[in-house]
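The values are calculated or read from the model by the stated rules, or taken from the named source; none is laboratory data. Just so it is clear, the model here is predicted, and its values are computed rather than measured. In this analysis, Cβ positions are derived from the backbone assuming ideal geometry, glycine residues included, and neighbour counts consider all displayed protein chains.
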Amino acid sequence: MGGRMRRTTALLALAAGLCLHTAGAANADERPLLHPLFSGHGVIQRDAPIHVHGSASPGSEIRVALGPSQASAIAGDDGRWRAELPAMEAGGPYTLTVESGGRTETVRDVMIGDVWLCSGQSNMVLEIARALDAPAETGAANDPMIRAMTLPLRTASGPSQDFRSDVEWQVITPDNAASVSAACYFMARDLRRVHDVPMGLIISAWGGSSITAWMSEEALGRAGADPDALATLALYRDNPAEAMARWGARWEDWWLNQTGEAREDAPWADDLDISSWPVVPAFIYWEEWGDPALAAHDGMVWYRTSFNLTAEQAAQGAVLHIGRADEVDQTWLNGAPVGGMADPSVIRAYELAPGRLRAGANTLTINVLDTWRYGGLVGPDDLRAIELADGEIVPLDGPWRYSKAPAGFAHPPGSPWSATGGFSQIANAMISPLDGYALAGAAWYQGESDTYDGRGYHALLEGLIADWRGRFRADLPFVIVQLAGFGAHPSEPADNGWADLRESQRQVALADPRAVIVTAHDLGEIHDIHPPNKQELARRMALAARHLVHGESDIAPSGPVPGDIRHARGTLTVRFDDVTGALITLGSDRAIGFELCSGAACRYADARVSGPDSVAIEGVRAADTRVRFCWAMNPLCNLTDASGRPPVPFEQAIKR
């Protein structure tokens, strides 16, 4: 058991190091001269200065040649170098050659074309293998002018100039297409049908990620992010244990405020009597325990156990291993917070300084929060143990007990260093290494993880756009995909975080001439948060890109969008801009999905198409102050135009 546990915990420490710490840089003489962005089969942005960069011996001269162009640079004290070549028109293939200090690197089959950064969460990740008609789509992926670089999932506590694992460009073929982002690939395919230039796709996306994970700390500060969280994140880089204890104290205050409990009665209290708590039957998802109260539980469950140590054991520093928590944990030892993070894929390993443990009985308490599908502490029993500094392993083999937490709480404070739900950790590892690489545009499909505060998303999306424009180019075009519908269709009007977030997306794009909304609410699935019809979604993304990036002004970028709204004698007329052909209704002579609101009360409205670009709403009351359209998590609306795109969901004031 001991030998096996030592091997297991060594692997755990390695996994934790990969997730929580920036990898050390190799000696510049040992690293490739070229940054991995410049590799075989790659695509470089056309019609923009070409900044080639990499690493070499400090002070050494670097000579660069790409096709007919040449440049030189001197490596800095850190070995970093950057050379600028003149802009080139679309074409290729070219050979890129770099020489320095007797070393030569040659990269072949480099194309000049359009480079897109495709980013977001799981609906951008969703692979061609999971899209509609996947076998036929993968079999037909044979255009050698579409290349992709899919970045592995990595985090870093600070901005990294290098990728933390191997990356490479790939020509998309039937052999590798199944694992490529469907939305990104289909968009490029549609663009290629109109614009015959090579397409390079950098796919940097992570399922379940919040927008804050993709923003730099500076951008978060400008967007009004919690200053205490930012300060605690800065502390975490130098002293993770102290930062976790500080954040744990904040979590405790949140819990006590939610429950009204006295601190001595809190579930983490060291001397709490838990004899009435049931025994944990197994470290599997709690939905599988057979407890009816947990069979469909999305929320919190408390876990608790105790273990004994000798005085010699307790005097040592240690690492606490608790396995994998789906999806968020907050952990206490002897009544004091010692760790916590929000990532269901990470195996937890928390450092314990000497003095944290005590001779005799020790108590371990873990709160696990699950917000989607299955939850709990999961994995083999030997993943839960105390690893002492001298290498001895103390199994945490129970008994463990559990208690279901009350429902209806506000969202708890998530630790700022968490991979998917924290601050900047993904941006540091999966965006920072791309800094300065010229792009045609960015396609952003994200938001499901932020619907708990849909209105607060407005400032964050503005901040992300400004942040990335600072990294890549000041006028970087953004194609923003609105959330697809999910869940049951509504039977009555109601406020909804998904609708709020779509409105934030719309308002940001409305105020930004270099951003466009892509509607997707009509493409959703009742039972699947990942709708497979990425072909139609990508068609709309490509139309938006053609308008925004390629200047095709005759194409409506988003489909119909609300324009003037006028009230006269009990009738509200909503005129839409960017209508292709004329507005039409499907399946009814009424336009379904409009609501009239007075204060917090809203009702479905009697609406019909009254002209090529207009909808008339009858029965407006004197107290009505707002009109909204397609306002639900999964709205049911039947208005469209000749482009096949529905109007953008919206909420607007009624002006009298």
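Note on the stretch 89-98: residues that are closer than 10 Å to Leu66 by Cα and surrounded by 15 or more Cβ atoms within 10 Å (Cβ to Cβ) amount to 4. Looking at Ser449, Ser418, just one residue is out of contact with any His (no Cβ under 6 Å at 6 or more places or on another chain) and more than 27 Å from His521 (Cβ to Cβ), and that residue is Ser418. Regarding Ala361, is this residue surrounded by fewer than 19 Cβ atoms within 10 Å (Cβ to Cβ) and within 34 Å of the chain's Cα centre (by Cα)? It is false that Ala361 is surrounded by fewer than 19 Cβ atoms within 10 Å (Cβ to Cβ) and within 34 Å of the chain's Cα centre (by Cα). Of the residues that make up the stretch 561-582, is at least one under 30 Å from Arg130 (Cα atoms) and either assigned by TED's automatic domain parsing to the domain that holds Glu462 or not β-branched (Val, Ile, Thr) (or both)? No, there is no match, as no residue in the stretch 561-582 is under 30 Å from Arg130 (Cα atoms) and either assigned by TED's automatic domain parsing to the domain that holds Glu462 or not β-branched (Val, Ile, Thr) (or both). Considering only residues in the stretch 483-520 that are without any contact (Cβ under 8 Å) to a residue 60 or more places away in the chain and of a type in the set (Val, Ile, Thr), the one that is surrounded by the most Cβ atoms within 10 Å (Cβ to Cβ) turns out to be Val518. So, in the stretch 7-21, exactly how many residues are in contact with a Ser or Thr (Cβ under 9 Å, 6 or more places away or on another chain) and either at pLDDT 50 or above or crowded, with 18+ Cβ neighbours inside 10 Å (or both)? So the answer is 2.
Of all residue pairs spaced 6 or more apart or on separate chains, those with beta-carbon atoms under 9 Å, a first member in the stretch 399-426 that is exposed (fewer than 15 other Cβ atoms within 10 Å of the Cβ) and a second member that is of a type in the set (Ser, Thr, Tyr) and at pLDDT below 90 are His411/Thr371.
Could you please give the count of residues in the stretch 162-190 that are more than 19 Å from the chain's Cα centre (by Cα) and within 21 Å of Gly40 (Cβ to Cβ)? The qualifying residues number 15.
Of all residues in the stretch 331-351, none satisfies being without any contact (Cβ under 8 Å) to a residue 12 or more places away in the chain and either part of a loop (DSSP other than H, G, I, E, B) or not hydroxyl-bearing (Ser, Thr, Tyr) (or both). If you filter the stretch 180-222 down to residues that are closer than 26 Å to Gly456 by Cα and of a type in the set (Asp, Glu), you find that the one that is surrounded by the fewest Cβ atoms within 10 Å (Cβ to Cβ) is Glu218. Screening Ala311, Ala342 for residues that are over 22 Å from Ala229 (Cα atoms) and out of contact with any His (no Cβ under 8 Å at 6 or more places or on another chain) leaves exactly one candidate, Ala311. In contact (Cβ under 8 Å) with a residue 24 or more places away in the chain, of a type in the set (A, V, I, L, M, F, W, C), under 22 Å from Asn123 (Cα atoms) and buried (at least 21 other Cβ atoms within 10 Å of the Cβ) - does that describe any residue in the stretch 528-540? Yes, the conditions are met somewhere in the stretch 528-540. Kindly provide the set of residues from the stretch 557-578 that are assigned to a loop (DSSP other than H, G, I, E, B) and buried (at least 21 other Cβ atoms within 10 Å of the Cβ), ordered by number. Pro557, Ser558, Gly559, Pro560, listed by residue number. Where in the stretch 223-315 are there helices (runs of 4 or more DSSP H), lying fully within it, with 1 or more residues that are in contact with a Pro (Cβ under 8 Å, 6 or more places away or on another chain) and surrounded by fewer than 16 Cβ atoms within 10 Å (Cβ to Cβ)? Helices (runs of 4 or more DSSP H) meeting the threshold: 240-259. Within the stretch 627-653, the set of residues being over 23 Å from His530 (Cα atoms), surrounded by fewer than 18 Cβ atoms within 10 Å (Cβ to Cβ) and touching a Ser or Thr at 6+ places or on another chain (Cβ under 8 Å) comprises Ala642, Ala653.
Results for (1) out of contact with any Asp or Glu (no Cβ under 9 Å at 6 or more places or on another chain); (2) under 22 Å from Pro531 (Cα atoms); (3) assigned to a helix (DSSP H, G or I), shown as yes or no for each residue.
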{"residue": "Arg455", "(1), (2), (3)": "no, no, no"}
{"residue": "Leu460", "(1), (2), (3)": "no, no, yes"}
{"residue": "Gly463", "(1), (2), (3)": "yes, no, yes"}
{"residue": "Asp467", "(1), (2), (3)": "no, no, yes"}
{"residue": "Asp475", "(1), (2), (3)": "yes, no, no"}
{"residue": "Ala488", "(1), (2), (3)": "yes, yes, no"}
{"residue": "Glu492", "(1), (2), (3)": "yes, no, no"}
{"residue": "Asp495", "(1), (2), (3)": "yes, no, no"}
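Given the conditions (1) small (Gly, Ala, Ser); (2) touching a Phe, Trp or Tyr at 6+ places or on another chain (Cβ under 7 Å); (3) farther than 20 Å from Gly42 by Cα, which single one is not true for Ser119? Just one mismatch for Ser119, condition (3). For the stretch 141-177, filtering for residues that are of a type in the set (D, E, K, R) and either closer than 25 Å to Ala234 by Cβ or buried (at least 19 other Cβ atoms within 10 Å of the Cβ) (or both) leaves 4. Per the conditions (1) under 35 Å from the mean Cα position of the chain (by Cα); (2) on the phi > 0 side of the Ramachandran plot, the sole criterion not satisfied by Arg569 is (1). In this structure, Ser210 does not satisfy being modelled with pLDDT of 95 or more, under 25 Å from His550 (Cα atoms), outside the structural domain of Met341 (by TED's automatic domain parsing) and of a type in the set (S, T, N, Q). Taking strands (runs of 3 or more DSSP E) as the structural unit, those lying wholly within the stretch 368-449 and holding at least 2 residues that are closer than 28 Å to Leu476 by Cβ and at pLDDT 95 or above correspond to 441-445.
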